[in-house]
Amino acid sequence: MKKDIHPSNYREVAFKDMSNEEVFITRSTVAAKETITIDGVEYPLVKLEITSSSHPFFTGKQKLVDTAGRVDKFMSRYGNRNKK
């Protein structure tokens, strides 16, 4: 890496997914108030509500909605109300 291009607070930070308690460590400049100790090393801790390890799109648990079937069902029930 080139010298003097990163901010002075660019360091390793632990991010914790609060929905499944998974922790991953990466480099960041984010401000953190809490710390966590992992393998004897203390890291600043940032708590997140959702990450790629718990998001339905990335975990393959996303449900597909059949909108065409719902529209057809609605139109068959309520679509012809104005016609007399």
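Which one is nearest to the chain's Cα centre (by Cα), of the residues in the stretch 5-18 that are touching a residue at least 24 places away in the same chain (Cβ under 8 Å) and surrounded by fewer than 13 Cβ atoms within 10 Å (Cβ to Cβ)? Please lay out each step first, then the result.
First, pick out the residues of the stretch 5-18 that are touching a residue at least 24 places away in the same chain (Cβ under 8 Å): 11-18.
Next, only the ones that are surrounded by fewer than 13 Cβ atoms within 10 Å (Cβ to Cβ) stay: 12, 18.
Numbers: E12: 20, M18: 10 Å.
Ranking the candidates gives M18 first.
Would you pick out the residues in the stretch 25-44 that are open to solvent by 80 Å² or more (accessible area, probe 1.4 Å) and either out of contact with any Asp or Glu (no Cβ under 7 Å at 6 or more places or on another chain) or not polar (S, T, N, Q) (or both)? Show your work before the answer.
Start the filter on the stretch 25-44 by keeping residues that are open to solvent by 80 Å² or more (accessible area, probe 1.4 Å), which leaves 27, 31, 33-35, 37, 39, 42.
R27, A31, K33, E34, T37, D39, E42 - these are the residues of the stretch 25-44 that are open to solvent by 80 Å² or more (accessible area, probe 1.4 Å) and either out of contact with any Asp or Glu (no Cβ under 7 Å at 6 or more places or on another chain) or not polar (S, T, N, Q) (or both).
Open to solvent by 90 Å² or more (accessible area, probe 1.4 Å), of a type in the set (K, R) and at pLDDT 90 or above: does that describe K2?
Working: open to solvent by 90 Å² or more (accessible area, probe 1.4 Å): yes; of a type in the set (K, R): yes; at pLDDT 90 or above: no.
Taking the combined requirement at face value, the residue does not satisfy it.
The values are calculated or read from the model by the stated rules, or taken from the named source; none is laboratory data. Because the structure is a prediction, the values reported are computed rather than measured. Heads up, the Cβs are rebuilt from the backbone with ideal geometry, glycines too, and the neighbour counts pull from every protein chain shown. Protein only, heavy atoms only, side chains kept; ligands, DNA and RNA dropped before computing areas. Shrake-Rupley method; radii C 1.70, N 1.55, O 1.52, S 1.80 Å.
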